[in-house]
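S.K.: Below is the structure I would like to discuss, written out as structure tokens.
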Amino acid sequence: MNMAETENLVAAGMRGVLKKREPMASHVSWRAGGATETAYFPADLEDLVRFLQSLPAGGPVHMTGLGSNLLVRDGGLRGTVIFTHRALGEIRLDHLGVLGGGVYAEAGVACPKVARFSAMNEIIGAEFLAGIPGTVGGALAMNAGCYGGETWDIVAHVLTVDRTGKTRARTREDYEIDYRSVRLKAPHPAEEWFVAASFRLKRGSGSESRRKITELLKQRIATQPLGEPNAGSVFRNPPGDYAARLIEACGLKGRAIGGAMISDKHANFIVNRGGARAADIESLILLAEKSVKEKFGIALEREVRIVGDA
């Protein structure tokens with residue numbers, strides 16, 4: 001960021017950092033992809049609101065946390081990417097939970113941290129979040145889940161911000177919620193993002209909760225290729241079946257294109273073996289979709305988002 005841009009931010013009362021041509025490979029879990037046109041790292045929620053208010057209408061805005069379900073194509077991403085992971089990091093006890101067992105977490109908090117924080121405070125019900133590699137914001141946006149739990153099962157209410165910087169408190173009744181799908185009911189702003197949530201949990205045994213978390217993590221380590229860059233499950237599980245089973249049945253487990261490979265440990269994962277381009281990863285996604293459709297007549301639905309220019 002040059003001196004003029006720094007002075008403009010300070011003059012507008014903003015405290016974050018603005019960067020040009022920020023490499024997105026440094027900010028997504030696949031460790032691949034192009035650069036963003038502009039990136040902003042807000043200082044906190046108040047600073048995020050000010051920045052959104054300063055943006056001209058019309059330009060694309062992308063909100064991202066840990067980039068754990070995001071692929072940015074090699075040509076990069078137009079517009080502005082706002083990184084929330086370090087900015088929206090508050091987590092605290094919240095009395096809105098059942099029997100006083102509530103937790104408030106901003107969108108940039110990693111889901112496993114919510115699980116650990118809850119257990120350390122003798123609050124149970126959030127253990128499954130330990131198996132979700134992304135942030136609270138991403139989990140809310142896609143109703144992320146694993147091991148029998150889904151994010152919106154435990155949501156009391158959320159806080160959102162729209163393109164104009166206006167914040168709103170919303171409840172589950174404001175959304176249409178399904179498996180890996182969350183849609184705001186009409187009428188609604190053209191763009192709105194989650195910035196915090198209060199989780200409705202309950203008091204219980206912290207030691208038992210920590211034991212469950214340990215068991216979930218052992219299961220995750222045993223079944224997922226955590227030693228290589230990946231974005232978690234690439235596809236949603238079709239009703240009554242598993243995406244991994246379908247992909248493996250097509251003979252694609254271990255199939256490689258460039259530096260990317262359909263994991264030989266879990267076929268619903270694509271790993272970066274080193275030097276993979278976003279195009280390599282996307283080619284494997286398309287191959288899996290085509291093969292499963294041809295063999296089983298099933299159209300796989302993606303959990304990951306693909307954005308940017310090829």
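S.K.: Could you tell me which of 123, 149, 160 has its Cα farthest along the dipole of segment 113-169 towards the positive end, charges placed at Cβ (Lys, Arg +1; Asp, Glu -1), taken about the Cα centre?
M.R.: Result: 160, furthest along the dipole toward the positive end.
S.K.: Keeping the other protein chains in place, figure out the carbon and sulfur percent of the accessible area of segment 183-310, with a 1.4 Å probe.
M.R.: About 49 percent, which is the carbon plus sulfur part of the accessible surface.
S.K.: Right, next: Using a/c under 1.5 as the rounded threshold, could you call segment 205-274 rounded, prolate or oblate? The axes a ≥ b ≥ c are square roots of the C-alpha gyration tensor eigenvalues, and prolate needs a/b larger than b/c, oblate otherwise.
M.R.: oblate
S.K.: Say we join alpha carbon atoms closer than 10 Å with springs in a Gaussian network model of the chain; which of 143, 230, 121 then has the biggest fluctuation?
M.R.: 121
S.K.: Could I ask something else about it? For the chain, what is the charge dipole size about the Cα centre, in debye to the nearest 20, if Lys and Arg each add +1 at the Cβ and Asp and Glu each add -1 at the Cβ?
M.R.: Working: 40 positive and 35 negative charges, 104 e Å.
Here the size comes out at about 500 debye.
S.K.: Can you give the extra length, in nm with one decimal, that the chain gains between residue 305 and residue 253 once fully stretched, where that is 0.36 nm per residue apart less the Cα-Cα distance?
M.R.: Working it through step by step, the gained length comes to 16.6 nm.
S.K.: Oh, and also: Calculate, for segment 13-54, the solvent-accessible area per residue in square angstrom, rolling a 1.4 angstrom probe over the heavy atoms of the protein chains.
M.R.: 42 Å²
S.K.: Of the accessible area of segment 121-167, with the probe set at 1.4 angstrom, what percent is carbon plus sulfur?
M.R.: So the carbon and sulfur contribution to the accessible surface is 55 percent.
S.K.: In addition: Which trypsin sites (Lys or Arg not before Pro) in segment 118-194 pass both tests, a DSSP loop state and at most 11 other beta-carbon atoms within 10 Å?
M.R.: Within segment 118-194, the qualifying trypsin sites (Lys or Arg not before Pro) (loop, at most 11 other Cβ atoms within 10 Å) are 185.
S.K.: Can you pull the three principal axis extents for the Cα set of the chain, in Å, largest first?
M.R.: Extents along the principal axes: 58, 50, 37 Å.
S.K.: State in Å² the accessible area per residue of segment 110-175; use a 1.4 Å probe, count heavy atoms of protein chains only, and round to the nearest integer.
M.R.: Working: 2320 Å² over 66 residues.
Spelled out: the 1.4 Å probe surface of segment 110-175, per residue, equals 35 Å².
S.K.: Could I ask something else about it? Once Lys and Arg get +1 and Asp and Glu get -1 on their Cβ, which of 111, 242, 188 lies farthest toward the positive end of the dipole of the chain?
M.R.: 242
S.K.: List the pairs from 212/265; 253/295; 113/202; 113/212; 253/290 whose alpha-carbon separation is above 19 Å, in the order I gave them.
M.R.: 212/265, as the Cα separations exceed 19 Å there.
S.K.: What longest range of the chain stays clear of loop-exposed GluC sites (Glu not before Pro) (DSSP non-H/G/I/E/B, at most 15 other C-beta within 10 angstrom)?
M.R.: On the way: sites that count: 90, 122, 191, 301.
That would be 192-300.
S.K.: On to the next question. For the chain, what are the DSSP H helices with axial Cα length of 15 Å or more and mean Kyte-Doolittle hydropathy of at least -1.0? Each step should come with its number before you reach the end.
M.R.: Details: long enough: 206-223 (26 Å, -0.93); 278-296 (27 Å, 0.29).
Span-like helices in the chain: 206-223, 278-296.
S.K.: Ok, one more. Which of 201, 71, 226 ends up with the largest GNM mean-square fluctuation for the chain, with Cα atoms connected below 10 Å?
M.R.: Highest fluctuation among the options: 226.
The values are calculated or read from the model by the stated rules, or taken from the named source; none is laboratory data. These numbers were taken from a predicted model, which means no experiment stands behind them. When we count neighbours, we look across all protein chains shown, and the Cβ atoms used for this are built from the backbone with ideal geometry, even at glycine. Accessible surface areas use protein heavy atoms only, side chains included; no ligands, DNA or RNA. Shrake-Rupley method; radii C 1.70, N 1.55, O 1.52, S 1.80 Å.
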